[in-house]
Amino acid sequence: MSWKDEWPGVPGEPLDDDDDPAEDESGPFRVALKESACEVSPEVAARREDGGEVVTYESRRAAEEKLLESIDCRALRLQDAAPNDPNPVDAYLIKGRELRPEPDERGPPADGWTHQLDAQQVGALAETLFGAYSYDPPPIVDFAARQLELDPDAFRVAVERAPSPVGTPESKGGSGLWRPDFEFRVRRKTDQQPYAYDGPLLHRYVAEIKHGSTSFGRNQRDQMVRHHAESDPDTTVLIVRVDLGDVPQHYDVTIRTADALE
């Protein structure tokens with residue numbers, strides 16, 4: 001990653017008091033979505049892919065609400081542009097410095113280290129509850145059985161990870177892009193296909209997985225509604241929200257080299 005991806009300033013470092021913008025600052029507020037922010041937030045990456053690197057909001061406060069408060073990723077930071085910045089932007093959305101002990105401040109790795117779960121890991125865990133299966137993720141089986149009015153033993157649900165995107169990016173003249181997390185294909189079991197690997201296709205569920213109250217990325221909602229309305233009756237768009245409030249907020253890790261097994 002080049003210095004431009006973190007410019008200006010050092011991520012996580014506070015600005016001088018004289019440079020703090022007023023809370024009620026209004027007028028067009030332009031934010032450049034840097035690659036470092038895209039790396040820690042798929043929602044930021046989707047917004048950048050849909051609308052380009054620079055996005056404009058009515059005010060700084062509006063930008064903070066959309067980019068910091070509505071996106072569940074504590075690593076994101078708004079870094080104000082320097083006064084002599086040649087780029088026509090007011091701020092940069094970047095990945096801030098993670099607040100965690102330095103390696104030399106920890107004890108031996110074989111004794112165990114404690115790390116805090118971040119938003120990216122929680123989001124990935126929510127998706128893993130479905131993506132860990134090749135077939136028959138329990139929540140989708142239960143939903144399909146109720147919607148299709150079928151016995152769960154009468155069908156099999158195949159899981160397709162990272163299905164084709166929906167829509168066309170704004171940068172290519174379209175109205176935006178949505179990248180579904182999963183496609184679930186419901187196939188009937190028959191005498192010839194008792195395991196339904198290639199049985200008759202009954203229904204397709206195209207799904208977006210969110211944890212907690214995580215907001216949708218730019219254009220996601222519109223594309224999901226449009227795709228649901230325009231699809232054939234055998235296709236349904238699902239919005240799956242996973243509550244991980246009871247998941248531990250920390251995890252412990254021990255690291256040893258292979259010679260410890262001798």
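Figures for the structure shown
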{"quantity": "Those lysines that a straight Cα-Cα span of less than 28 Å connects to Lys66, excepting residues fewer than 8 apart in one chain", "calculated": "Lys4, Lys34, Lys95, Lys172, Lys210"}
{"quantity": "Share, in percent, of DSSP beta bridges within segment 118-242 that are antiparallel, nearest 5", "calculated": "70 percent"}
{"quantity": "Debye-sum result for segment 118-242 in log10 I(q)/I(0), which assumes one identical scatterer on each alpha carbon, at q = 0.09, 0.17 Å⁻¹", "calculated": "-0.28, -0.91"}
{"quantity": "Qualifying trypsin sites (Lys or Arg not before Pro) for segment 60-150 [loop in DSSP, other Cβ within 10 Å: at most 15]", "calculated": "Arg74, Arg97, Arg106"}
{"quantity": "By average C-beta atoms within 10 angstrom, highest first, the peptides 29-39, 239-249", "calculated": "29-39, 239-249"}
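Just so you know, all these numbers are worked out from the coordinates, no wet-lab data involved. Predicted, not measured: the structure shown is a model, and the values here were computed from it. Reconstructed Cβ throughout: ideal geometry from the backbone, glycine too, with neighbour counts over all protein chains shown.
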